[in-house]
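Visitor: Here you go, one structure.
Just so you know, all these numbers are worked out from the coordinates, no wet-lab data involved. Owing to the predicted nature of the structure, the values given are computational and were not obtained by experimental measurement. Quick reminder, even Gly has a Cβ in these numbers, built from the backbone with ideal geometry, and neighbours come from all protein chains shown.
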Ligand code: UDP
Ligand code: MG
């Protein structure tokens, strides 16, 4: 079977109000380019009839292939499934809620066709509307990420065009728990950026809970940097120095026969040392958590259903039936 030039992959979690406008908008932008293309939607455990709609659309649109996860595995896993399924020479990853404007696709493809970059990233010039707390925490996360990994992903989005060579490299990264932005950043390759300002969602509300965001932040910090472990070691050295100084001073006063003072110092010492020990244990715990998940080697996702003409042809070939 001939592979298309472009693959557009998009995760879907309860987006029944967005699927058709999304598909229309993407096709409208890609068709004039005159390139063969496929669109792959990955249903990440939707409960709102998204899958039924996706199957219906797959009947109408020859370019559409749909995968359905056996449950909600998260957006990062859905992107991984799209990357695995895509057959195009370039793969475009984007959200299905139209916050990643399809109007950017022609510019992305042009940069790629001119061979100016292997990865064309859409970079946010402003953040979408969100609470002040979310904004502050996101800022803190990006600063910490940049400090720990020395890679700045502030403004980076999951809206990217990735050349086949980089896609194949991405598929070689074997971790079970994936963080798409971190992984594509790690790849390197020639990169180009296209600025964009994310519009409001076309329909529905964002599905990321605060806890889910926090989990992803902690996972990505510990998955892409071992620096926190080095920081624990630096903390240990500082404590050694501090102990020698305060211990020396205590010994001196004792030798001079002066009464021991410094009750406040003792309290402070206990507080600081126990907080540091707890912090060190927490850091170790985060890494053990990563090892725990990775050691199991579980698949990143499970696909329970597929839809689309290409998918049925594939299935028939696998089961040995004659293709129609
Ligand atoms: N999404 C997903 N699984 C989830 C949550 C979200 O596949 O568990 C999809 C969602 O359908 C959308 C994209 O990921 O296409 C971005 O999600 P959302 O708009 O909720 O996040 P935000 O725009 O706030 O980053
Ligand atoms: Mg969104």
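Visitor: Could you rank the peptides 62-74, 164-176, 89-101 by their average count of other C-beta atoms within 10 Å per residue, with the highest value first? Can you show the working numbers first?
Guide: Working: 62-74: 19.8, 164-176: 15.1, 89-101: 23.2.
Peptide ranking by packing, descending: 89-101, 62-74, 164-176.
Visitor: Ranking request for peptides 186-194, 274-282: highest mean number of other beta-carbon atoms within 10 Å first, then the rest in descending order. Each step should come with its number before you reach the end.
Guide: Details: 186-194: 14.7, 274-282: 12.4.
Answer by packing, highest mean first, reads 186-194, 274-282.
Visitor: What nm distance separates the two modelled labels at residue 295 and residue 126, each placed 7 Å from Cα along Cα→Cβ?
Guide: About 4.8 nm, to one decimal.
Visitor: Compute the acute angle (0 to 90°) between the alpha-carbon long axis of helix 75-85 and the principal axis of greatest extent of the alpha-carbon atoms of the chain; round to the nearest 10°.
Guide: Helix 75-85 sits roughly 50 degrees off the main axis of the chain.
Visitor: If you average the sequence gap of Cα pairs under 8 Å that are 6 or more apart and divide by the length of region 129-224, what percent do you get for the contact order?
Guide: Dividing the mean separation by the residue count of region 129-224 yields 31 percent.
Visitor: Let me ask you something else. Would you mind telling me which residue in 230, 50, 220 has the biggest mean-square fluctuation in a Gaussian network model of the chain, where springs connect alpha carbons within a distance under 10 angstrom?
Guide: With Cα springs under 10 Å in the chain, the top fluctuation among 230, 50, 220 is at 230.
Visitor: Once a ≥ b ≥ c are taken as the square roots of the eigenvalues of the Cα gyration tensor of region 1-44, is the result rounded (a/c under 1.5), prolate (a/b larger than b/c) or oblate (a/b not larger than b/c)? Walk me through the numbers before you get to the answer.
Guide: Details: a/c = 3.78, a/b = 1.53, b/c = 2.47.
Since a/c reaches 1.5 but b/c is at least a/b, the shape of region 1-44 is classed as oblate.
Visitor: Let me ask something else. What is the calculated FRET efficiency for residue 251 to residue 213, with r their C-beta to C-beta distance and R₀ = 45 Å, to the nearest 0.05?
Guide: Numbers: r = 50 Å, r/R0 = 1.11.
Rounded to the nearest 0.05, the efficiency is 0.35.
Visitor: Kindly provide the pair-distance distribution of the chain built from C-alpha pairs, with 10 Å bins from 0 and whole-percent values in order of increasing distance.
Guide: Values per bin, smallest distances first: 5, 22, 29, 20, 10, 7, 5, 3, 1, 0.
Visitor: When the expected Rg is taken as 2.2 N^0.38 Å, what fraction or multiple of it is the alpha-carbon Rg of region 116-263? Provide the component values of the computation, followed by the final result.
Guide: Numbers: Rg = 23.4 Å, N = 148, 2.2 N^0.38 = 14.7 Å.
Relative to the rule-of-thumb radius for its length, region 116-263 sits at 1.59.
Visitor: Hey, how many Å between the Cα centroid of region 255-295 and the Cα centroid of region 168-208?
Guide: Answer, in whole Å: 37.
Visitor: Another question about this same structure. Given Cα pairs under 8 Å that are at least 6 residues apart, what percent is the relative contact order of the chain?
Guide: Details: 466 pairs, mean separation 75.4, N = 324.
Here the relative contact order equals 23 percent.
Visitor: Give me the Kirkwood hydrodynamic radius of region 69-152, using the inverse of the mean 1/r over all pairs of distinct Cα atoms, in Å to one decimal. Mind dumping the intermediate values first?
Guide: Numbers: mean 1/r = 0.0634 Å⁻¹.
By the Kirkwood definition, the hydrodynamic radius is 15.8 Å.
Visitor: Something else about it: Based on the Kirkwood radius over alpha-carbon pairs, what value in µm²/s does the Stokes-Einstein equation return for the translational diffusion coefficient of region 1-154 at 4 °C and 1.567 mPa s? Present the calculation step by step, with values, prior to reporting the outcome.
Guide: Details: Rh = 16.9 Å.
Here the translational diffusion coefficient equals 77 µm²/s.
Visitor: For residue 189 and residue 238, what is the calculated FRET efficiency with R₀ set at 56 Å and r taken between the beta-carbons, to the nearest 0.05?
Guide: Values: r = 40 Å, r/R0 = 0.71.
Once the sixth-power term is evaluated, E becomes 0.90.
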